[in-house]
Amino acid sequence: MRVLVVGGGPGGLYTALLVKRRNPGAQVTVHERNRADDTFGWGVVLSDLTVANLHAADPESAARIRAALHHWDDIEVHFGGRVERSGGHGFSGISRRTMLAILQERCRELGVHLSFQQDVATDALEQLASSERADIVVAADGINSSVRQRFADTYRPDTDVRWCRYVWLGTPRRFDAFTFAFTQTPSGWFQAHAYQFDADTSTFIVEAPSDVWEREGIGAMSEDESIAWSERHFDFILGGAPLRSNATHRRGSAQWTRFPRVTCAEWVHWMAVDGRSVPVVLLGDAAHTAHFSIGSGTKLALEDAIALDAHIAGRRDLADALRQYQADRAVEVIKLQNAARNSTEWFEHVDRYARLEPEQFAYSLLTRSQRISHENLRVRDAAYVQSFERWFARRSGMDVAPETPPPPAIFTPYRVREVTLANRIVVSPMAQYTADPDGTPNDWHLVHLGARATGGAGLVMTEMTCVSPEGRITPWCTGLWNDRHRDAWTRIVRFVHEYSEARIGLQLGHSGGKGATKKMWEGVDQPLPSGEWPVMSASETQYIPGVSQVARAMTEVDMDRVTAEFVRATQLGLDAGFDWLELHTAHGYLLSSFLSPLTNLRTDQYGGALANRARFPLRVFTAMRDAWPAHLPMSVRISAHDWAEGGNTDDDAVAIARLFREAGADMIAVSAGQVVRNEKPVFGRMWQTPFADRVRQEACVPTIAVGAITDADQANGIIASGRADLVAVGRPHLVNPAWTLTEAAKWGYSGATWPDQYLAGKHQLDRLIARERAAGAAAPGGAGPPRGELT
């Protein structure tokens, strides 16, 4: 095999040496446009896991790399005059220059031909591949890959230039932890990412949002002036040590730039060479980039090289091998790029989190990517997590004795007005479509809600309960518009109060243009075959074009009547004894149809600008709030994103949340979508939590997080980091009514209150969990998740 590698960075060199090591007869050539000792950075971060992967691939080069590593376990966060430190993370730094020298030396030992100061013009790539009779070309030419640009029609790259400006500097100051430091200027927040990579030097990256950077005037400064500015503003961690540009390491000088997030639809282009089709394979930053805040760029390139070598060696069919290479690597790359996106956005919006106390700010930073969980942190540094949990519990009003283990965040109480929830878990409103034909809840609802209340949740919410017969989604939805309904709900509320510590909330709503449909399992949003009733919405719309009933536009008379219906239901809910009231303004139902510009096409005072679109939902909320006692809380559920062009986005969600907060809402339940049929949501675990996070921080209102939250570890991370104040869990509660108690047992928390009738089951569950935990610890890799990812 003849292999031509374009690009002599770590990824290209490592590919070359691995191919040559596996197949000594191969002819492998590396062409690098720069000099051998040029470098475009200072230090490289490698996790313990990555170092282990290098050792498995090539022990010789790994041993030399390991000998040059500067290792540390801790992450240190400097914020608000405080220092928070967490250990057990497992990182190493190495000079990029040293790493290149090691890989170059190893390549020469194996017989790889290295050619420096050879700029491979992309229009001459075919000629070079021909002269070397290459069977495969590996394009490892970096973030600004000219090969990727040359064959862009095949690779179909997508580049997202991120918002922050940053500069890559160095300093003789030695840091004994990966250090994040934050300083506030009149223009806004700046942050530093610093880590030591040899005995005498550390990388020091200074970063800020572009608008902050511009207001500070750094763009008008010379290189020396911007370095001096950085030295002054970060002297509290530099301690007088100077900062240096990498001009001494390469031609050029310090430059402030913006990070491009690169993705490619395809990683292989087949190039015609002498009548043959030669694959040109992207690798490393040429194929994909991951923001430096998770330290994974070099890791991804090296692991691309390992995978490419393995796939080439393991298959006779080169085309099949390369397809499998992309398929396998794309899975890991997407995971890390998603984590990097979350991390990048956190640093782009430090101002959101600056209102948090230093303890929670640091925890939020550590878990920003959603890949490091609460329990993963505990495996890394149990003392740190316990100290944080103790702080969080005391902040929540608990008096935790020094000798008593503190509770996880989700098992701390939460007080709203004069209602205190025993913990932070909410049973989501989940439509059951099982009410009597007149809308009366029955024994199913007693068992459904009662079981989840005795199952340990702090707050149990009813399904969307409709304020009129015409406001139902289906004929089998629960209602609250007469005394019969009130009495049936009273029975359920009484059971919850008598047999559990849970509070119970009433969610009120009106289906609007999405009404008169079948049960979910008979056809989601499909119209009734018979017995339908007329529906209305903010404007004349049809939810499913050509299928759904056409909703008529509401009139002022309709608005007055519907407002009165919501108030009547509120009063009946109070009579029934509910502890909490929630107004449903999400998911395309009646009030939601006013909020979204996709469904509100009105030209009167209720249409157009957001303030007008929110006018009627706010009228309904205010009337309900006036009828609901001042000592009881009231929340609002919103759709934070319409997932469709021209619809509401999370920017609008913040504005909507502010309006409801100003009207007296105590909390916003932040959901998303289901407003229009042609939506294109982006699903994933905890996929709606970022909306709750943003609304909480920017609208300054407590939030409930929803959406694919499946275990207590995820919920703990959300609550502990301040992304939300409560966590609503839906489908897991359908599978296991005692989800909260089960998760408490699983994670070893003994403070949850079990019904006396179920204690025998608890004791057996505790024994089973202890047995499984012991077996897991004894198994290979059973000590917990791998350390050593900044993500």
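Points worth noting:
- Restricting the stretch 54-72 to residues that are without any contact (Cβ under 8 Å) to a residue 60 or more places away in the chain and in contact with a strand residue (DSSP E or B) (Cβ under 9 Å, 6 or more places away or on another chain), the residue that is farthest from ILE102 (Cα to Cα): HIS71
- Sole residue being modelled with pLDDT of 95 or more, closer than 26 Å to ARG395 by Cβ and not in a loop (DSSP other than H, G, I, E, B), chosen from ALA715, ALA724: ALA715
Let's see how each residue does on (1) modelled with pLDDT of 95 or more; (2) open to solvent by 10 Å² or more (accessible area, probe 1.4 Å); (3) of a type outside the set (Ser, Thr, Tyr):
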residue	(1), (2), (3)
PHE621	yes, no, yes
TRP628	yes, no, yes
HIS631	yes, yes, yes
ILE656	yes, no, yes
SER671	yes, no, no
PHE691	yes, yes, yes
ARG696	yes, yes, yes
THR703	yes, no, no
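- From the options ILE544, ILE473, residue that is in contact with a strand residue (DSSP E or B) (Cβ under 9 Å, 6 or more places away or on another chain), assigned to a loop (DSSP other than H, G, I, E, B) and surrounded by 24 or more Cβ atoms within 10 Å (Cβ to Cβ): ILE473
- Close pairs (6 angstrom Cβ cut-off, 6 or more residues apart or separate chains): within 25 Å of VAL496 (Cβ to Cβ) in the stretch 752-776, of a type in the set (Lys, Arg) anywhere: TRP754/LYS762
For (1) out of contact with any strand residue (DSSP E or B) (no Cβ under 8 Å at 6 or more places or on another chain); (2) assigned to a loop (DSSP other than H, G, I, E, B); (3) β-branched (Val, Ile, Thr), each residue gets a yes or a no:
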| residue | (1), (2), (3) |
| --- | --- |
| ALA310 | yes, no, no |
| ALA319 | no, no, no |
| ALA330 | yes, no, no |
| ALA340 | no, no, no |
| SER343 | yes, no, no |
| PHE347 | no, no, no |
| ALA362 | no, no, no |
| LEU365 | no, no, no |
| GLN370 | yes, yes, no |
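- ALA665 passes every criterion in (1) part of a loop (DSSP other than H, G, I, E, B); (2) within 20 Å of ALA699 (Cβ to Cβ); (3) open to solvent by 20 Å² or more (accessible area, probe 1.4 Å); (4) aliphatic (A, V, I, L, M) apart from (3).
- Of all residues in the stretch 76-90 being open to solvent by 10 Å² or more (accessible area, probe 1.4 Å) and among the hydrophobic types (A, V, I, L, M, F, W, C), the one that is farthest from ALA383 (Cα to Cα): PHE79
- Condition met for ASN678 (open to solvent by 30 Å² or more (accessible area, probe 1.4 Å) and either closer than 26 Å to HIS374 by Cβ or assigned to a loop (DSSP other than H, G, I, E, B) (or both)): yes
- Some residue of the stretch 486-505 being in a loop (DSSP other than H, G, I, E, B) and closer than 15 Å to PRO437 by Cα: no
- Hits in the stretch 556-574 - residues which are loosely packed, with under 14 Cβ neighbours inside 10 Å and of a type in the set (Asp, Glu): GLU556, ASP560
- From SER592, SER511, SER537, residue being in contact with an Asp or Glu (Cβ under 9 Å, 6 or more places away or on another chain) and open to solvent by less than 10 Å² (accessible area, probe 1.4 Å): SER511
- Taken over the stretch 496-545, residues that are closer than 19 Å to THR563 by Cβ and among the small types (Gly, Ala, Ser) amount to 8.
- Residue pairs meeting the criteria (Cβ under 8 Å; at least 6 apart or on separate chains; first in contact (Cβ under 8 Å) with a residue 12 or more places away in the chain, in the stretch 82-107; second among the acidic types (Asp, Glu) and open to solvent by less than 10 Å² (accessible area, probe 1.4 Å)): ARG106/ASP58
- Scanning the stretch 32-56 for residues that are at pLDDT 95 or above and open to solvent by less than 20 Å² (accessible area, probe 1.4 Å) yields a count of 1.
- Residue, nearest to the chain's Cα centre (by Cα), within the stretch 65-75, restricted to residues that are outside any loop (DSSP other than H, G, I, E, B) and either surrounded by 16 or more Cβ atoms within 10 Å (Cβ to Cβ) or of a type in the set (Val, Ile, Thr) (or both): ILE75
- Among (1) among the hydrophobic types (A, V, I, L, M, F, W, C); (2) modelled with pLDDT of 95 or more; (3) closer than 19 Å to THR689 by Cβ - the single one TRP391 does not satisfy: (3)
- Within the stretch 162-181, being farther than 13 Å from TRP42 by Cβ, crowded, with 21+ Cβ neighbours inside 10 Å and of a type in the set (Gly, Ala, Ser) holds for one residue alone: ALA181.
- Screening the stretch 580-644 for helices (runs of 4 or more DSSP H) wholly inside it with 2 or more residues that are of a type in the set (Phe, Trp, Tyr) returns the ranges 615-627.
Listed here are the residues, each with its yes/no results for (1) in contact with a Cys (Cβ under 7 Å, 6 or more places away or on another chain); (2) surrounded by 22 or more Cβ atoms within 10 Å (Cβ to Cβ).
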position: ALA327; (1), (2): no, no
position: GLU348; (1), (2): yes, no
position: PRO358; (1), (2): no, no
position: TYR363; (1), (2): no, yes
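- Filter pass, PHE190 being buried (at least 22 other Cβ atoms within 10 Å of the Cβ) and outside any loop (DSSP other than H, G, I, E, B): yes
- Hey, GLU303 of a type in the set (Asp, Glu), open to solvent by 10 Å² or more (accessible area, probe 1.4 Å) and without any contact (Cβ under 8 Å) to a residue 60 or more places away in the chain or not: no
- The stretch 365-380, subset in contact with a Pro (Cβ under 9 Å, 6 or more places away or on another chain) and of a type in the set (S, T, N, Q), residue surrounded by the fewest Cβ atoms within 10 Å (Cβ to Cβ): SER373
- Here the stretch 727-742 is the region considered, the condition is being open to solvent by less than 10 Å² (accessible area, probe 1.4 Å) and in a helix (DSSP H, G or I), and the residue that is nearest to ILE769 (Cα to Cα) is LEU741.
- Residues (surrounded by fewer than 22 Cβ atoms within 10 Å (Cβ to Cβ) and either free of Cβ contacts under 8 Å to residues at least 40 places away in the same chain or within 30 Å of VAL496 (Cβ to Cβ) (or both)) located in the stretch 595-619: THR603, ASP604, GLN605, GLY608, ALA609, ASN612, ARG615
- Scanning the stretch 133-155 for residues that are touching a residue at least 40 places away in the same chain (Cβ under 8 Å), open to solvent by 30 Å² or more (accessible area, probe 1.4 Å) and farther than 21 Å from ARG258 by Cα turns up ARG133, ASP135, THR154.
- Residues of the stretch 140-165 that are closer than 22 Å to ASN34 by Cα and among the aliphatic types (A, V, I, L, M): ALA140, ILE143, VAL147.
The values are calculated or read from the model by the stated rules, or taken from the named source; none is laboratory data. Please read these numbers as outputs of a predicted model, since none were measured by experiment. Positions of Cβ are backbone-derived with ideal geometry, glycine not excepted, and every protein chain shown enters the neighbour counts. Each accessible area value is taken on the protein alone, full model and side chains, heavy atoms only, with ligands, DNA and RNA left out. Shrake-Rupley method; radii C 1.70, N 1.55, O 1.52, S 1.80 Å.
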